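Structure, as structure tokens:
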Amino acid sequence: MTTESKTTYTGSCLCGSVKYEVDKLEPNLGHCHCSMCRKFHGAAFATFGEAKTENFRWVEGESNLASYIANNNTIRKFCKFCGSSMTFTPSQDNGELIEFTLGTLDSDIDLRPDAHIFTNYKANWSDIEDGLLKYSEGRDSTLVKWKS
């Protein structure tokens, strides 16, 4: 008889007032270089993971989340106390997946990011040299073939 082991990943904001759990990660983990992600995260890119909504849950402090709704109707949720970016919701969201910031995970994961997206908007001072797929816009756009 075999038993299936179940891993639950945990995550939290910087101050610990918002906590979540993920039962299963989806394979699309990516670095987003769009200007909104760069500005919201104060970095060259933001790294997101995905989980089906039934595999993601807030376990503490969901009421401590604030939302920023951009002009393109995307929604970014963050801790209203420490400012940690927690989730991203695309404007055409169908509710099946939740995109969350991998940097807020407290657990180690076996998966690795597999792509860079929105590279048309990358910071000119940041080079992409890791060999991952590079998309000019989202994952359904043109693959970019350049070294950096």
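A few notes on this one:
- Failed condition for Ile109, given (1) β-branched (Val, Ile, Thr); (2) more than 20 Å from Ala43 (Cα to Cα); (3) in contact with a strand residue (DSSP E or B) (Cβ under 6 Å, 6 or more places away or on another chain); (4) in contact (Cβ under 8 Å) with a residue 60 or more places away in the chain: (3)
- Residue within segment 58-72 that is over 24 Å from Ser12 (Cα atoms) and modelled with pLDDT under 95 present: yes
- Qualifying residue in segment 10-18 (condition: over 11 Å from Phe100 (Cβ atoms), in a strand (DSSP E or B) and either of a type outside the set (Gly, Ala, Ser) or modelled with pLDDT under 95 (or both)): yes
- Test: residue in segment 47-62 that is in contact (Cβ under 8 Å) with a residue 12 or more places away in the chain, part of a strand (DSSP E or B), surrounded by fewer than 13 Cβ atoms within 10 Å (Cβ to Cβ) and not hydrophobic (A, V, I, L, M, F, W, C): no
- Hits in segment 27-42 - residues which are crowded, with 16+ Cβ neighbours inside 10 Å and assigned to a loop (DSSP other than H, G, I, E, B): Asn28, Leu29, His33, Cys34
- Number of residues in segment 10-26 that are within 16 Å of Ser85 (Cα to Cα) and either of a type in the set (A, V, I, L, M) or crowded, with 22+ Cβ neighbours inside 10 Å (or both): the value is 5.
The values are calculated or read from the model by the stated rules, or taken from the named source; none is laboratory data. Since the model is a prediction, treat every value here as computed from it, not as a measurement. When we count neighbours, we look across all protein chains shown, and the Cβ atoms used for this are built from the backbone with ideal geometry, even at glycine.
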